[in-house]
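To start, the structure itself, in C-alpha cells.
The values are calculated or read from the model by the stated rules, or taken from the named source; none is laboratory data. Bear in mind the structure is a predicted one, so any value in this text is a computation, not a measurement. Glycine also receives a Cβ, built like all others from the backbone with ideal geometry; neighbour counts cover every protein chain displayed. Areas reflect the complete protein model, heavy atoms only, side chains present, ligands, DNA and RNA absent. Shrake-Rupley method; radii C 1.70, N 1.55, O 1.52, S 1.80 Å.
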Amino acid sequence: ELSQRARIMTNLLGFYHAILVIDAKGLTIRNLCFSDAQEEAGESVSSLESLIFPADRSRYASFLDPGTLNQRLLEAPQRTLSGVFRTKDSGGEYRWMTHSLLFAAGSDRSKILYLVRVLDEETANHAEHPQEKSLFREPEEKALWTDLLWNTPIPLFWKDRNRRFLGASRSFLDYYGYADLTQI
C-alpha cells in the first residue's frame, strides 16, 4: 500500500509544484506525507508568505485568511478556492503559480489540501478574475520596472511638483517601516 501511495505521489508531484495539508483547527501546514507514521507538528500557515512576491502578499493574505478560510471554502463553488500569485520556485525565481484549496476527503473539514502548480498560458486565458489575467500578461517594460522597484537595494522615491509622494521602491518602504505605498 505504501509503495502504491508513493507512485501516486510521484505522479502528482510531476504536475504540482507543492502538495501541502493545512490543519484547519490548528492552522498549521505541512508537506503531504504518505507514510503511516504519527503526524508531526507543522509550520504556521503565515510562514508561506515569504515565498510570495511582495506586491502580491496583501492579496495572498486575504486568500489564506485563517479567520474566514473554512467559511469561504464551504461557500465556494465545488468547495474549491483558487488564486494566482507570483511564487518562488525551487531555483529562487518568481513564477506565476495557481494556489488551490479544498477540503481533504474523509477529514470532516479538519484538513485542507493546498495545491500549488505553475500557471500555464491556457489557464491564464481562462482565469476567473480579470485582475489575475492582467497581472499575468503584464507588459515586459512594466514587469521590468516592477522587478526593479521591488528588488533593488537602493531606496528610491519620487514626488510631484507639489512635493507629494508618487512612488517608492521596496527598500525605501522597508527602511522607513512602511508596509505599502498607500502609507506614504
| request: Name every residue in the stretch 104-137 that is surrounded by 14 or more Cβ atoms within 10 Å (Cβ to Cβ) and modelled with pLDDT under 60, in order of residue number. | output: 123, 124, 127, 132, 133, 135, 136
| said: Which of the numbered conditions does residue 156 fail, given that it passes all the others? Conditions: (1) under 18 Å from residue 56 (Cβ atoms); (2) open to solvent by less than 100 Å² (accessible area, probe 1.4 Å); (3) at pLDDT 80 or above. | reply: (1)
| field | Subset tally (residues that are in a helix (DSSP H, G or I) and of a type in the set (Lys, Arg)) for the stretch 140-184 | value | 2
| field | Selection within the stretch 86-103 - open to solvent by 70 Å² or more (accessible area, probe 1.4 Å), charged (D, E, K, R) and either in a strand (DSSP E or B) or more than 17 Å from residue 17 (Cβ to Cβ) (or both) | value | 88, 95
| Filtering the stretch 35-85 down to residues that are at pLDDT 85 or above and basic (Lys, Arg), which residue is surrounded by the fewest Cβ atoms within 10 Å (Cβ to Cβ)? | 72
| note | Restricting attention to the stretch 91-112, the residues that are under 26 Å from residue 150 (Cα atoms) and in contact (Cβ under 8 Å) with a residue 40 or more places away in the chain number exactly 3
| said: With the requirement that a residue be in contact with a strand residue (DSSP E or B) (Cβ under 8 Å, 6 or more places away or on another chain), surrounded by 14 or more Cβ atoms within 10 Å (Cβ to Cβ) and either charged (D, E, K, R) or under 13 Å from residue 55 (Cα atoms) (or both), what does the stretch 159-173 give you? | reply: 168, 169
